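The values are calculated or read from the model by the stated rules, or taken from the named source; none is laboratory data. This is a predicted model, so every value here is computed, not measured. Note that each Cβ is placed from the backbone with ideal geometry, even for glycine, and that neighbours are counted across all protein chains shown.
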Amino acid sequence: MRRLICLTLIACGHAAPQHTVDFAEARRSFHTRLVREGPSPQVAEAVAVAADAHEVPYASGALQLRAWASNTPGGAPRPAVVYVHGGSAFRAAHWEATRPLRDAGFIVMTPILRGENGSPGAYSLFYDEVDDVVAAGEALAKLPGVDPARIYLAGHSNGGTLVMLAAMTSTRFRAAAAFSGLVDASGLRGDPTDVPFDQTNPEEHRMRSAIEFAGSFKCPVRIYYGADEAYNKGFVELARRARALGRDVEAVRVPGDHDTMKAAALPLAIELFRQHRADPSR
């Protein structure tokens, strides 16, 4: 969602202390307070399921959500990727963006998150949606034709933000690729329609900021960002902090702006996933 992207992409290279508190543990004791409980602010277009996909249900807590997943051919179980779309509504173009992953032999699931496209649940902007991403990973691991030991995670923009936070929350994923996500939410301000949580509480912002929990990544992560993006210090700083705390995290600069960088980043993510296989003999 371009309006939200413009709001959130702020300079985030400030010298905040490195936190060693585990993000998953912090989530267990924190509950976001929403000042507006409702659907996502992005208007969703009508989307017919693509011919090369099928819709699957998945549960995220008490919510019954849905996702698009690859049509699975027969043969040996395949590696699979949860791809988290950008913006705050699912569009047909988001499925088309996963074609390089599917062409490379990965089964792909793209979840439709709470509050999106008529789905139940309240939009919380980078918090409760983390649960939906993790739940999608668990659901993908159980689909026919999927190798549950080779589940990966990728996403762009808002989806890239959720990728980082989900990779700090769950051990399900073998590796994760975040494309141009927001690493520091301290500057999130706006109308409650766009920013629905209590903006007067700094903890709300901290709990949406990967840079505050750099030691929490639970799998190898690559943070890809475009050379022509206006703000990129936060990507590099997050990776630096994570490596200092012993995590396999790198910030990778690729050609392009916030949108076009995906063309260069996706092949690198595919190679990352191939390098991090559960069984190196496969």
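Considering the range 186-282, the qualifying helices (runs of 4 or more DSSP H), each wholly inside and each with 2 or more residues that are farther than 23 Å from Glu25 by Cβ, run over 233-244, 262-275. Entry remark, the range 19-51: residues being of a type in the set (Gly, Ala, Ser) and either within 21 Å of the chain's Cα centre (by Cα) or surrounded by 12 or more Cβ atoms within 10 Å (Cβ to Cβ) (or both) number 6 in total. Taken together, Gln42, Gln64 contain a single residue that is polar (S, T, N, Q) and touching a strand residue (DSSP E or B) at 6+ places or on another chain (Cβ under 8 Å), which is Gln64. Contact map, the range 117-140: first residue modelled with pLDDT of 95 or more, second residue surrounded by fewer than 21 Cβ atoms within 10 Å (Cβ to Cβ) and of a type in the set (Asp, Glu), Cβ cut-off under 6 Å, separation 6 or more or different chains; pairs are Ala122/Glu37. Across the range 125-170, the qualifying residues are those that are within 28 Å of Thr260 (Cβ to Cβ) and aromatic (Phe, Trp, Tyr), and the one among them that is surrounded by the most Cβ atoms within 10 Å (Cβ to Cβ) is Tyr152. Confirm whether Ala122 is in a strand (DSSP E or B), surrounded by 15 or more Cβ atoms within 10 Å (Cβ to Cβ), on the phi < 0 side of the Ramachandran plot and not aromatic (Phe, Trp, Tyr). When the stated conditions are applied, Ala122 does not pass them. Considering only residues that are charged (D, E, K, R) and surrounded by fewer than 24 Cβ atoms within 10 Å (Cβ to Cβ), look in the range 171-197 and name the one that is farthest from Gln275 (Cα to Cα). Per the criteria, the residue is Asp191.
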